[in-house]
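Inspection log for the structure reproduced underneath, given as structure tokens.
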Amino acid sequence: MSTLEQNLAKANAYLERFKNDGVSNYIDGRPVPAASGKTFESVSPIDMAPLADVAHGDAEDIDRAAKAAKDAFAEWRDMDGKKRKQILHNVADAIEAHAEQIAFTECMDTGQSLRFMEKAALRGAGNFRFFADRAPQARDGQALQAPNQLNVTSRSPIGPVGLITPWNTPFMLSTWKIAPALAAGCTVVHKPAEFSPLTARLLVEIAEEAGLPKGVWNTVNGFGEGAGKALTEHPDIKAIGFVGESRTGQLIQKQGADTLKRFHFELGGKNAVVVFEDADLDRAADAAIFMIYSLNGERCTSSSRLLVAESVYEEFTAKVAERAANIKIGHPLDPDTVIGPLIHPSHEEKVLSYFDIAREEGATIATGGEKATDGELGKGCYVRPTLFTNANQSMRIASEEIFGPVLTAIPFKDEAEALALSNAVEYGLAGYVWTSDVTRALRFSDKMEAGMIWINSQNVRHLPAPFGGVKYSGVGRDGGDWSFDFYMETKNVAFATDAHSIPKLDS
Ligand code: NAD
């Protein structure tokens, strides 16, 4: 048996339970079907085979989940931080113990390749450990001296929160949103993406088996316009942490207006990697290729715009095109595969449409630009890694988020033009700058409109550092203490420290 066949056999064994029992909601410590009894079908993008019937949650299910989260809130909020820390570490241990099941399920559900997903559980567990360690200090505040008063601040969890996640690396992203909320003392209603419901279901179950009290974490499946909308409108839900498209963020902000929700948005991007002529060009090429063609390009921080100094543009883009053409496309469970199928036929259609747009706009397709149909690939949503050259910033391929393994390369004359091009999009999530001139790096990053910038580096996530975007890429920051600021309310109590003068209004 080949490794792929062995992996497939294991994956099918893991998927058996979902085939037989479907994917239920999980409310107040129990698996439950949708109140309406309705389900929707989840398919694998590898070959369109049905994976499971998924509970089609709606407003009624969200209401039940919000009530469960509200009922569980006081006990979870008031629990000793050290105990909360221990429970969250137990959740991390349990995630690691299920690493293979999580990785194989994620590959089959999303099309992401095993070489990246085998670390998904470890990263998810890492998110839980990082925030678990901070749980005992989450309520701490400051003592601020004034002439006649001592101001003491403290934080308390805001209440039950709603977390809405997308289909790209859904397991890792769910842990990234849920772990800080729980560590802060909030209870959670999670609405996973409809295209990728399987690992979210594993996650809540694993957490409860590891000792999380019932009702603290509830999961409702369903679609954005149903369950998602109801969650953002629910009066018992105090804040919404959302990861997804910018357009959806706009809708959610409107939906939550009547209940004055607090929002945290991690949205789309069209991130530039800027390569100056004095850069280490080999390392810059490695990073540019990695940041757009790993994870099928379905990554918010992908370097989807390649801005290169014109003196090295031809040489650099020729190298990227040659290497992109050699990237292995294949079954996600084949250990050699880099690029698997895109998440869903509707997303594949969107990505393919940009190949036509590129041609209409007059760009050159230096490599890729088509669906991959060789052999078994023809059954799934496979797209070839693509590089557009001969492009300019006014083209749609240079300004719109494509969210696939598709890179648009544009030359620049000098630093001023590189900066203008970098900032000429409505997004501002991440930026990557390659130069050996440290003064230029400082000057450039200061003016670059992005929430996160890496200099001579690919995206290496450091959990204590702030994560988030500017412009249409997001509102707010995650990571370190920034996460707690979102999930908690700050209270100030001022104590008089002497008999200071109080104006008498009646004399
Ligand atoms: P999406 O916005 O279509 O869906 C995300 C989630 O929102 C899903 O669970 C969906 O059901 C829900 N939803 C949709 N409409 C809703 C509504 N009206 N009310 C409430 N919920 C609603 O996004 P997607 O296509 O699943 O994910 C891809 C997008 O996510 C890309 O734009 C990507 O850049 C972005 N993303 C951003 C980050 C970041 O950190 N900035 C990280 C990952 C993904």
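The values are calculated or read from the model by the stated rules, or taken from the named source; none is laboratory data. Only a predicted model underlies this, so the values are computations on that prediction, with no experimental measurement involved. Positions of Cβ are generated from backbone atoms using ideal geometry, with glycine treated the same way; all protein chains shown enter the neighbour counts.
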Review point. Is it the case that some residue within segment 301-312 is without any contact (Cβ under 8 Å) to a residue 12 or more places away in the chain and among the hydroxyl-bearing types (Ser, Thr, Tyr)?
Key: no
Practice item. Go through Glu277, Glu194 for me and flag whichever is away from the ligand (no atom under 16 Å from the Cβ) and either touching a residue at least 60 places away in the same chain (Cβ under 8 Å) or not assigned by TED's automatic domain parsing to the domain that holds Lys19 (or both). Key: Glu277
Review point. Is segment 455-477 home to any residue that is over 21 Å from the mean Cα position of the chain (by Cα) and either farther than 25 Å from Thr367 by Cα or outside the structural domain of Lys371 (by TED's automatic domain parsing) (or both)?
Key: yes
Revision key, fill the gap. Per the filter on segment 421-461, residues under 20 Å from Asp280 (Cα atoms), of a type in the set (D, E, K, R) and not in a loop (DSSP other than H, G, I, E, B) are Arg440, Arg443
Check your understanding: Is segment 369-384 home to any residue that is touching a residue at least 12 places away in the same chain (Cβ under 8 Å) and over 30 Å from Pro50 (Cα atoms)?
Key -> no
**Study point:** Pair list, Cβ under 8 Å, 6 or more apart: segment 336-350 residue closer than 10 Å to Pro45 by Cα, other residue exposed (fewer than 15 other Cβ atoms within 10 Å of the Cβ) and aliphatic (A, V, I, L, M)
**Key:** Pro345/Met48
Exercise for review: Would you be able to tell me the number of residues in segment 118-162 that are of a type in the set (Asp, Glu) and either farther than 22 Å from Leu88 by Cα or outside any helix (DSSP H, G or I) (or both)?
Suggested key: 2
Practice item. Those residues that are in a loop (DSSP other than H, G, I, E, B) and either modelled with pLDDT under 95 or closer than 21 Å to Gly159 by Cβ (or both), I need them from segment 233-273; list them, please. Key: His234, Pro235, Asp236, Ile237, Lys238, Gly256, Ala257, Asp258, Thr259, Leu260, Lys261
Practice item. Residue by residue through segment 197-228, note down the ones that are within 11 Å of the ligand (Cβ to nearest atom) and either part of a helix (DSSP H, G or I) or under 14 Å from Trp167 (Cα atoms) (or both). Key: Pro197, Ala200, Asn221, Gly222, Phe223, Gly224, Glu225, Gly226, Ala227, Gly228
Review point. Does Pro464 fit the bill of being in a strand (DSSP E or B) and out of contact with any His (no Cβ under 9 Å at 6 or more places or on another chain)?
Key: no
Review point. Looking at Ser2, is it crowded, with 21+ Cβ neighbours inside 10 Å and either in contact (Cβ under 8 Å) with a residue 60 or more places away in the chain or not basic (Lys, Arg) (or both)?
Key: no
